[in-house]
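Reading through the structure tokens given below for one structure.
The values are calculated or read from the model by the stated rules, or taken from the named source; none is laboratory data. Treat the numbers as computed from the prediction; the structure is a model and nothing was measured. A quick note on method: Cβ atoms are made from the backbone with ideal geometry, for glycine too, and the neighbour counts reach across all protein chains shown. Only protein heavy atoms, including side chains, enter the accessible area calculation; ligands, DNA and RNA are left aside. Shrake-Rupley method; radii C 1.70, N 1.55, O 1.52, S 1.80 Å.
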Amino acid sequence: VGGAAAMAGGLPWLTNKVSGSLSPAVAHAQGGSTYPLNKPENVIYSICLNCHTACSLRAKIQDGVLVKIDGNPYSPMNLLPHLPEDTSLADAAKVDAKICPKGQASVQIAYDPYRVRKVLKRAGKRGENKWQSISFDQFIDEVVNGGDLFGEGHVDGLKDIYKLRDPDLSKALATDAAAVAAGDMSLDEFKSKHASHLDLLIDPDHPDLGPVNNQFVFMGGRIEHGRKELAKRFTYHGFGSTNFYLHTTICEQSHHIATKMMSGKTHFKPDFLNSEFVIFFGTGAFEANFGPTPMTEMVTDSLVRHNFKIAVVDPRLSKTAAKAWKWVPVKPGGDGALAMGMIRWIIENGRYDEAYLRAPNKEAANAIDETSYTDATNLVRTDDMVFLKPGDAGLDEPEGGDRVVMVDGTPALASAATQADLFVDTTVNGIPVKSAMQLLKEQVEKMTLEEYADWAGVRVKDIVELADEFTSHGKKAAVDFYRGPVQHTNGYYNGTAIVTLNVLIGNADWKGGITTGGSHWHEDGSKKGQPFPKSDVAGGAPGGLHKFGIHVNREGATYEKSTLFDGYPAKRPWYPFTAELYQNVIPSAASGYPYPIKALLLIKGSPVLASPAGQRQIEMLRDPKKIPLFIACDVVVGETSMYADYILPDLTYMERWGTSHTTPVILTKISKVRQPTIPPLTEIVSVDGEEMPLSLEAFIIAVGKKLGLAGFGKDGLGKGWD
């Protein structure tokens, strides 16, 4: 009864709200007002960031409050086909394009009741979750100047770590440190030459570790284009630290490296609208992918409109597998075995694109209307397992080098041949050689289809049916894979085997095949032919430092080529073939190998939660002796930031600017611009007299100006660009 009375009392308001939320036609028929969120003045277009796809979205604002999220109907990422660009804002406001559930959660993320809005400083031991709010000015003063900040002893501030400040000296030290590591300069010579500057180095006995500046580490979790450029500029060229990391290795790095080593590109996707058959390895159109919002409609449209099939290789019966022509429940990590079995069947049955694979150069490929070429015919020395050089084959080597192929049994330059021999096993001037295709054939023949099926946990029939269907559509077939096959210790090899399937049918850059997408205009405008060619804005900061030294996680470095080489085993693994090894940063710093760090800045990341055995990092972060200064920047207190010394509030993607990149599934060239949809919810602070909301950028600019870093202040972006 009480509820009914309350409802009756509020009935006029409720009636107005209900009539106001009807469609315009219904509201007009009932004599009510038009739906307010269909008015263009209540719509702000922006970009999501609840996953890396970064879909175009539009925010619906009512009385200054964000109340609803939908997809941007002008964008090919959100509507198929999208609205023409000349559609009026008033007409577009009435068309809701799709957005995934993560995008729909933007309202809850922006207005999370646990948002951090002022700087927090720990008021107890690390991890006790006891905090006090402090002013931004106090925060900057403390982290820059250091001191006894927590009653636990002296902590070096950023000014104490920012020791090497001369750009010319940084370049000279970098050059000579590399010479010491290469054995071209003795350590004594180095120390004599730079005697007055040895205190600038982490360890004068190991100059290749770099300057003390490297003991500042930037770890980026959910940070993307439009932010990371400024952060890199700050870390690399301003502060002079080589330790800038993104989170890619616990996300998709093995996918990117496998793809790049096979194709030169880090990512491609099938042309779903024109393909006739697509195999999904460990991903799908209706699951997390890059990205599901546009892909879902493309695949659904193709399934409805033309002869299109999909197959799904996944241990789990996913939503995509439920709609597939065939679901193959492979063992976790067994994707490579399945792919190798398919490759064996394809080669044995001659179902590869022979003309495409025999073209050894671009001109030869173009002559037969191909868009790309491969190294399938290139000869490999099997004694050293390197490509045969022209001189070894008795051929004149052109400037810039070349590869060697066989043409009707005779060695020839790869650059000059039209169609080369595909399967080669012979000797050239006494050197044993085989073609790359021959090596692939022999590799896959080491196991039978039955053995591949056993490794993969599937039936031989599954391998044969997949390979047969895949090679029955010419170039209008493709394989898509993402994290499923590659998030294993054998993930790189799984990835290269899967990419090889695309290579064998020559579907790269073909209608219905695979594509790198329409791409975008680069956000700093510096690349040739792009619309904002301010070359003085791009790249390093004017007068910036020359970063150098071994990364704290030893990525991109070789143990044997460092001055730390001291027999085997090394104290921790080295990673010469990868970058951004996010999950290894904190453990390496805590162990002090190759050197300890003094300050860690973590932005919107949670390695404790996201890393394999991440809980082991908790004790490392609890101990201030291992990482003396830990600053976290995030929108809430998280599983990792709770162990920080300071938490700097950040803006959500609904409150700031950004320039996200575009998924390769989109064939249109587009650049996406994120803009604020609501006023910032963090505290407004003053940085050198300029007001701005608390955020990562506020921190970077404030520290940059306080330390006088290159790239900040007057002419910080180039002459006339403060």
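Quick look at the values:
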| read-out | value |
| --- | --- |
| Protein-only accessible surface order, largest first, of 571, 125, 309 at 1.4 Å | 571, 125, 309 |
| Accessible-area order (highest first, 1.4 angstrom probe) of the listed residues 58, 403 | 403, 58 |
| Long-range lysine pairs (8 or more apart or interchain), region 101-171, Cα under 24 Å | 6 |
| Column: log10 I(q)/I(0), Debye, Cα scatterers of region 427-473, q = 0.19 Å⁻¹ | -0.73 |
| Antiparallel %, DSSP beta bridges [both residues in the chain], to 5 | 55 percent |
| Distance (nanometres) between label positions extended 7 Å along Cα→Cβ at residue 117 and residue 150 | 2.7 nm |
| Relative contact order for the chain, counting Cα pairs under 8 Å that sit 6 or more residues apart, in percent | 18 percent |
| Loop-located chymotrypsin sites (Phe, Trp or Tyr not before Pro) in region 637-680 whose Cβ has at most 16 other Cβ within 10 Å (DSSP) | 657 |
| FRET E, pair residue 383, residue 468, Förster distance 41 Å, beta-carbon r, rounded to 0.05 | 0.65 |
| Gain on full stretching of the segment that runs from residue 429 to residue 683 - 0.36 nm per residue minus C-alpha separation | 84.0 nm |
| Whole-Hz ³J(HN,Hα) from phi, Karplus 6.51 cos²θ - 1.76 cosθ + 1.60, for region 337-351, glycine and proline x | 5, 4, 5, 5, x, 4, 4, 4, 5, 4, 5, 4, 9, x, 9 |
| R0 of 51 Å, Cβ-Cβ distance residue 570-residue 125: FRET efficiency to nearest 0.05 | 0.95 |
| Mean shadow area of region 55-213 over all directions, Cα convex hull, nm² | 18.0 nm² |
| Accessible surface, per residue, of the chain when the full set of protein chains is kept, probe 1.4 Å, Å² | 44 Å² |
| Backbone HN-Hα couplings from phi across region 550-566 [Karplus 6.51/-1.76/1.60, Hz, Gly and Pro as x] | 6, 5, 5, 9, 6, 6, x, 10, 10, 3, 5, 9, 10, 6, 7, 4, 8 |
| Considering only region 564-713, percent of DSSP beta bridges that pair antiparallel, nearest 5 | 35 percent |
| Exposure rank, largest accessible area first [277, 712; 1.4 Å] | 712, 277 |
| Solvent accessible area, Å² - residue 685, 1.4 Å probe, full protein context | 10 Å² |
| Where only alpha carbons of region 138-191 are counted, the Rg and the Dmax (Å) | 17.1, 48 |
| Heavy atoms of residue 663: accessible area, 1.4 Å probe, square angstrom to 10 | 0 Å² |
| All-pairs alpha carbon distance profile, the chain, 10 Å steps from 0, percent | 3, 12, 19, 22, 21, 15, 6, 2, 1, 0, 0 |
| Inter-label distance, nm, simple model (7 Å from Cα along the C-beta direction), residue 134/residue 561 | 4.3 nm |
| Rounded to the nearest 10 Å², the accessible area of residue 386 at probe 1.4 Å | 70 Å² |
| Three-way shape label, region 616-717, alpha-carbon gyration tensor, a/c 1.5 | oblate |
| Accessible area of the chain belonging to carbon and sulfur atoms, whole % at 1.4 Å probe | 53 percent |
| Residue-by-residue Karplus 3J(HN,Hα) for region 299-313, coefficients 6.51, -1.76, 1.60, Hz, glycine and proline x | 5, 4, 4, 5, 4, 7, 8, 8, 5, 9, 10, 10, 10, 10, 9 |
| Extension gain, residue 461 back to residue 317 (0.36 nm per residue minus Cα-Cα distance, nm) | 49.9 nm |
| Estimated FRET transfer efficiency (residue 108, residue 673; beta-carbon r; R0 30 Å; 0.05) | 0.80 |
| Local net charge near residue 276, Cβ-Cβ under 13 Å (Lys/Arg +1, Asp/Glu -1) | +3 |
